[in-house]
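Each reported figure results from applying straightforward, stated rules to the coordinates on display, with no laboratory input. Keep in mind it's a predicted model, so treat the numbers as computed, not measured. No Cβ is skipped: glycine too gets one built from the backbone with ideal geometry, and neighbour counts run over all protein chains shown.
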Amino acid sequence: MCGVHLLVDRSVTNQDAINKMVESCTHRGPDHRQIIKISDGVFLASNRLKIMDPRDEANQPITNEDKTAFLSWNGFLYNFQDLKNQLLDEGVIFKTRSDGEILFQWLQHKGKEGIQALEGMFAFVYVDIKTSEILLVRDPVGMKSLFYTHKKNRLICSSEAKCLIQAIEDKPILNSEQILPYWYLRTSLPSASFFTGLNELLPGQIEVFGLDGSKKKSLKIKVKSTVKGKIESPSQSLFKQYLTEAVLKHFTADVPVGMVLSGGADSSLLYHIWFKEMGIPLPTYTIGFESPYPKNFKDAEYAAELTKKYGGGNQEIKIGPDFFLQSWDEYLSQLDQPVGDSASYLTWAIAREARKNVKVLVSGVGADELFGGYNRHIAYKSYLRRPQFWHWSALFFQKAPFFNRSQKKFLQGIHKNPIRTFINFAALSPVPEALGEFLETQYPREGGDFKRALTWDQKMYLVQDLLKIHDNACMSQGIEGRAPFLDWPLLELSNQMNSELLIKTTPKSWIKELLVAEGLGNIAKREKSGFGLPIKEWFIHHAGFRNKLCSAVKDFGKKFGDLIPNEWQGLLKCPENHIHAHYLLLFNVFLLSEWINKNTT
C-alpha cells in the first residue's frame with residue numbers, strides 16, 4: 001500500500017506544495033518516498049509501503065525509459081499473475097516482482113480500456129504523455145480511497161483528504177452540508193468529504209483530465225465476471241471453493257501477515273481455511289475490555305480457543321476508559337475523515353499494536369454485507385414477509401412503552417415505502433423526509449426488495465463506514481489491510497443470489513454450515529455481537545469519559561444545533577439524559593465535534 005499524490009498547476013514553480021503532501025502522508029508509505037516533476041507545473045509523487053517485492057527497484061512512481069508514462073498507485077491486484085502471464089506472452093520483460101510494475105505495463109499496452117480487466121483493491125494516478133491524459137482511478141468495490149479537488153485547470157489529488165489540503169494555502173473550511181447525513185448515517189455522503197471543495201472518487205470511477213488539468217470525461221468500471229462459465233446455481237460448494245482461493249491470494253505477501261480475529265464466524269472461518277491449507281499459524285489480534293464491563297464481550301475468549309487449536313497464539317489488546325482517553329488525541333490526529341462508528345477506534349487500536357510484528361492485516365470485513373448477516377437484515381426479512389401488517393402495527397404501537405430498544409427501532413423505522421423502511425433500519429434513527437427522498441434516488445433499481453437492500457448496504461455502509469475504517473486504521477500505522485470476502489468471484493457469487501434465495505436462507509448460512517462441517521460448530525452457534533466500545537457502560541461508570549463526551553456534544557449543539565432537527569435539541573443540551581436510548585448517536589456526535597475542532601475552521 002502507498003500514498004498517491006498529484007499536483008497540476010501551471011502557476012507552481014517549485015515542489016513546496018507536493019513536498020508537504022508527501023511529508024504529511026508518511027504513515028501510509030514509510031518505506032520510501034519520491035516526487036517526479038513530469039513537466040512544468042505537473043508533479044506526481046508516492047509514499048511506498050513495501051509489500052510485494054520490497055527491493056528499491058520496485059519503488060514508485062513508476063516510469064518508462066522514454067519518460068512518456070508515469071504511475072503512482074495504492075493497492076493489491078488479485079489477478080496480477082494472470083495479467084503478467086498475458087504480458088509475458090506478448091513479449092514484455094519485467095524487472096521486478098511487484099504487482100505495481102504489472103499494472104504499469106498493462107496500462108502501457110492496453111490503455112485505459114484495460115482497466116476493466118483489473119481485479120483488486122486499488123486507487124491510482126496514471127499519466128500518459130502520448131495521449132495527453134491523466135487518469136484518476138478507484139476500484140469498483142471502494143476498497144481504496146482517492147480524494148481530489150479541481151478548479152479551472154488546477155487539479156490536486158491524494159490518497160487522503162488531510163494530505164491533499166497541505167497543498168492548499170487556506171485552512172480547510174468545513175463542509176457543513178454533510179452534518180445532517182452524518183447525524184443519521186455516521187458518515188458523509190458518497191463522493192463528498194467534510195472539507196469544502198474536496199471530493200472523493202466513487203467506487204469504479206475513472207476521471208480523465210488533460211495534461212493541462214482540464215476535465216475531459218468520466219468513465220465507470222464494473223466488477224467483471226471472473227468465473228469460467230456462468231454460475232447456474234449459487235451453492236455452498238462454490239462458496240467454499242471461491243473462499244479458499246481468496247484466502248490463499250489475500251494471505252500472500254513478501255512481508256509478515258497477521259489477522260484481526262474476533263472469534264466470530266467470519267474471521268474464524270478465514271483463519272481455519274488458511275491453517276488447513278498451509279499449516280502455518282499466524283499472529284492474530286483481538287480486542288478485550290477491562291473488567292467490570294462489558295461482562296458479555298467474549299471475543300478474546302473465542303479467539304484464544306481457536307488459535308490454541310492450531311498451535312498459535314492470540315494477542316488480546318485490552319481497552320478501558322482510561323486507555324481510551326489517553327490515546328484519543330493520537331487516534332483523532334490520524335483519522336482522515338470522521339466515521340462515527342466506535343469500531344473505527346478499535347480497529348485503529350489493533351493496527352497500532354499489530355504494526356510491531358506485521359505489515360499486512362487480514363479481516364473478515366464484507367461477509368455481512370454480501371450474505372445478509374446483520375440484525376437489520378433479519379428485521380427487513382420479517383418486514384417483507386408481512387409489510388402491511390407491520391405498517392399498521394407501527395402506526396398503533398411505535399410509541400408503546402413496553403417495547404425494548406431494538407423493537408422500538410424496528411417499529412419506528414417502518415415506512416409506507418419499503419425502500420425507506422430499509423434506509424431507516426440502516427440509519428441510527430429514521431431519516432428526515434428530505435434526506436430520505438435524496439437517499440431513495442441513490443437506492444439500487446434492479447433486483448428484488450431484499451437483494452436491493454443488500455446492494456444498498458454494500459454501496460453505503462460497507463464503502464462509507466467499514467472500508468473507510470479498515471483503510472484508515474491500517475494505513476495510519478503503515479499496514480496493508482486485506483479483505484478476502486470481497487474477492488471478485490465471491491462478489492459475483494453474491495450477485496447471483498436473488499432475493500428469493502436470500503430470504504429463504506438463514507443469515508450467512510453458507511458460512512455457518514461450513515464452520516459446522518469443519519468442526520467449528522461452537523463458533524457457528526455463537527450469537528452475533530457487535531464490534532464497538534461499551535459506550536453506555538463507560539458513560540455510566542467512568543466520570544472522565546462521561547464528562548468528555550457530554551462536553552463535546554454540548555459544544556457541537558452550540559455551534560451546529562441549528563442544522564439538526566428540533567426533536568434532537570434536548571439531546572444536544574442534556575446528553576446525560578439520553579445515554580440509554582441513544583448511546584450510539586451520542587458517540588457519533590462526540591467524534592464529529594472533536595474532529596471538526598481539530599481540523600477545520
- Query: Using alpha-carbon pairs under 8 Å, 6+ residues apart, how would you state the relative contact order of the stretch 535-599 in percent?
  - Reply: 41
- Message: Compute the helix-to-body angle for 265-278: its Cα long axis versus the longest principal axis of the chain, expressed 0 to 90° and rounded to tens.
- Response: 40
- Query: According to a simple spin-label model (label point 7 Å from Cα along Cα-to-Cβ), what is the distance in nm between S176 and E527?
  - Reply: 4.4
- Note on the structure: For the chain, cysteines with no other Cys Cβ under 4.7 Å from their own Cβ are listed as C2, C157, C474, C550, C574
- Net charge of neighbours whose Cβ lies under 10 Å from the Cβ of H32, counting Lys and Arg as +1 and Asp and Glu as -1: +1
- Query: Which of S342, P292, M460 sits closest to the plus end of the dipole of the chain, meaning its Cα is farthest towards the positive end, when Lys and Arg get +1 and Asp and Glu get -1 on the C-beta?
  - Reply: P292
- Query: How far, in degrees from 0 to 90, does helix 375-385 lean away from the longest principal axis of the Cα atoms of the chain, to the nearest 10?
  - Reply: 70
- How big is the gap, in Å, between the Cα center of the stretch 359-432 and the Cα center of the stretch 134-176? 34
- Per DSSP H run of at least 4 residues, take -39500 (n - 2.57); add these up for the chain, divide by its residues and hand me the 222 nm value, nearest 500 deg cm²/dmol. -12500 deg cm²/dmol
- For the stretch 382-501, what is the per residue volume of the convex hull drawn over the alpha-carbon atoms, in cubic angstrom? 141
- Report the FRET efficiency, 1/(1 + (r/R0)^6), for V516 and S39, where r is their Cβ-Cβ distance and R0 is 60 Å, rounded to 0.05. 0.50
- Query: Once label points are set 7 Å from the Cα along Cα→Cβ at both K318 and T26, what is their separation, rounded to one decimal in nm?
  - Reply: 3.3
- Task: Excluding S214 itself, calculate the net charge of residues whose Cβ lies under 13 Å from the Cβ of S214, where each Lys or Arg counts +1 and each Asp or Glu counts -1.
- Result: +3
- Quick one: net charge of P575's neighbours, Cβ under 10 Å, K/R +1, D/E -1? +2
- Item | Segment T63-N375, extension gain: residue separation times 0.36 nm, minus the distance between their alpha carbons | 107.4 nm
- Query: What's the angle, to the nearest 10 degrees (0 to 90), between helix 579-599's Cα axis and the longest principal axis of the chain?
  - Reply: 30
- Note on the structure: Reduced to Cα centres, the span from the stretch 209-223 to the stretch 63-130 in Å works out to 18
- Which semi-axis lengths, in whole Å and largest first, follow from the square roots of five times the eigenvalues of the Cα gyration tensor of the chain? 37, 29, 25
- Message: Going by Cα centres, the stretch 488-527 and the stretch 303-335 are how many Å apart?
- Response: 28
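What is the extension gain from T601 to H578, computed as 0.36 nm multiplied by their sequence separation minus the C-alpha to C-alpha distance, in nm to one decimal?
5.4 nm
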- Message: For a Förster distance of 51 Å, can you work out the FRET efficiency between the beta-carbons of N153 and T252, rounded to the nearest 0.05?
- Response: 0.75
- Message: Take S393 and Y310, extend 7 Å from each Cα along the Cα→Cβ direction, and tell me the distance between the two endpoints in nm.
- Response: 4.1
- Quick one: putting +1 on the C-beta of Lys and Arg, -1 on the C-beta of Asp and Glu, what dipole do you get for the chain around its Cα centre, in Debye to the nearest 20? 1280
- Item | Partner lysines for K356 [C-alpha distance under 21 Å; skip if fewer than 8 residues away on the same chain] | K50, K318
- Quick one: dipole size for the stretch 374-525, taken about the Cα centre, charges +1 on Lys/Arg Cβ and -1 on Asp/Glu Cβ, in debye to the nearest 20. 760
- Dipole of the stretch 535-599, positive end: most advanced residue of N599, W568, G557 [Cβ charges, Cα centre]: N599
- Among N547, L77, I134, whose Cα sits farthest toward the positive end of the charge dipole of the chain (+1 at Cβ of Lys/Arg, -1 at Cβ of Asp/Glu, about the Cα centre)? N547
- Item | Built amide H within the under 5 Å cut-off of Y78, gap 5+ | E119, G120, M121
